[in-house]
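*Asks:* Let me begin by handing over the structure; questions about it come next.
The values are calculated or read from the model by the stated rules, or taken from the named source; none is laboratory data. Remember, it's a predicted structure, so these values are computed and weren't measured experimentally. All Cβ positions, even for glycine, are placed from backbone atoms using ideal geometry, and neighbour counts span all protein chains on display. Heavy atoms of the whole protein, side chains included, go into the accessibility calculation; ligands, DNA and RNA do not. Shrake-Rupley method; radii C 1.70, N 1.55, O 1.52, S 1.80 Å.
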Amino acid sequence: MAQSILMEVCVDSVESAVNAERGGAGRLELCSSLLEGGLTPSLGLLQVVKQYIKIPVYVMIRPRGGDFLYSDQEVEVMKKDIELMKTQGADGVVVGALTETGRVDADLCMELIAAARPLPLTFHRAFDMAHDPAVALETLISLGFERVLTSGCDSSALEGLPVIKRLIDQAKGRIIVMPGGGITERNLQRVLEGSGAEEFHCSARSSRDSAMKFRNTCVTMGATISAPEYGLKVADVSKVRSLNAIAKNTL
């Protein structure tokens, strides 16, 4: 196992980014719309986060929720977003794309890698929707991805632990396999000890009530299944610190 275990925290606000760094995160995954699994953040969010944060910020490039089969127009958007994020100081890029048969879309990934160059890339949890994770991992290695984020193709990293362990053994250091998905203080030690992972991914969020005094509870801004209008989820410094301590004690 590594000398230290790196914690990546996914954040969708400046407040969460600051809290994650204060709590000991080693890297941020910056996105919007965590309720949809994370979408491309705004340039404004990246700019302001970079003003406050010293640790590396990897930017999610995902133009919409849903599957990972993209149209030509969506690919245009993704490449343009990468180009713009590079100009605003992104330290890395997080992408993922599949073919209709559930294989890594190597051709599209090569386009995105070229657009991101020289920045390092993480392949996100589109990996968990792939037809064959062992084959998908070899494709990512051949393409030159720095890491892959995975729950072991299951509902959480704890449930997918056997697959994560097999992937780390298969990788043999050629790519970083980073567990993520439902990681909390309750299960982190089991995930790290059971996988041998050197990095992990979490949100470490807690809920807090809105400061709004006047509230119109008859109206929602999104779909029926959406975040509550008068509740916020923010990365919690104490949770980040606790997870970091667990990771250090696991070594």
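*Asks:* For segment 231-242, check the following and say yes or no: at least one residue is more than 19 Å from the chain's Cα centre (by Cα) and farther than 30 Å from VAL177 by Cβ.
*Replies:* yes
*Asks:* Could you identify the single residue in VAL148, VAL191, VAL177 that is in contact with a Phe, Trp or Tyr (Cβ under 9 Å, 6 or more places away or on another chain), within 19 Å of THR250 (Cβ to Cβ) and at pLDDT 95 or above?
*Replies:* Unique residue meeting the criteria: VAL191.
*Asks:* While we're here: I'd like to verify a number: residues in segment 79-97 that are closer than 18 Å to THR150 by Cα and either of a type in the set (Phe, Trp, Tyr) or more than 17 Å from the chain's Cα centre (by Cα) (or both), how many?
*Replies:* Number of matching residues: 0.
*Asks:* Can you tell me which of LEU167, LEU137, LEU161 is touching an Asp or Glu at 6+ places or on another chain (Cβ under 9 Å) and aliphatic (A, V, I, L, M)?
*Replies:* Selected residue: LEU161, the only one of LEU167, LEU137, LEU161 that is touching an Asp or Glu at 6+ places or on another chain (Cβ under 9 Å) and aliphatic (A, V, I, L, M).
*Asks:* Does LEU34 fit the bill of being farther than 21 Å from ILE183 by Cα, open to solvent by less than 50 Å² (accessible area, probe 1.4 Å), touching a residue at least 40 places away in the same chain (Cβ under 8 Å) and not β-branched (Val, Ile, Thr)?
*Replies:* No: the conditions fail for LEU34.
*Asks:* One residue is enough: does segment 210-221 have a residue meeting the conditions at pLDDT 90 or above and closer than 27 Å to ASN187 by Cα?
*Replies:* no
*Asks:* A further question follows. Go through segment 119-147 and give me each residue that's closer than 21 Å to ALA90 by Cα and among the aromatic types (Phe, Trp, Tyr).
*Replies:* Listed by number, the residues that qualify are PHE123, PHE145.
*Asks:* Which count do you get for residues in segment 190-245 that are part of a loop (DSSP other than H, G, I, E, B), among the aliphatic types (A, V, I, L, M) and open to solvent by 60 Å² or more (accessible area, probe 1.4 Å)?
*Replies:* Final tally of qualifying residues: 6.
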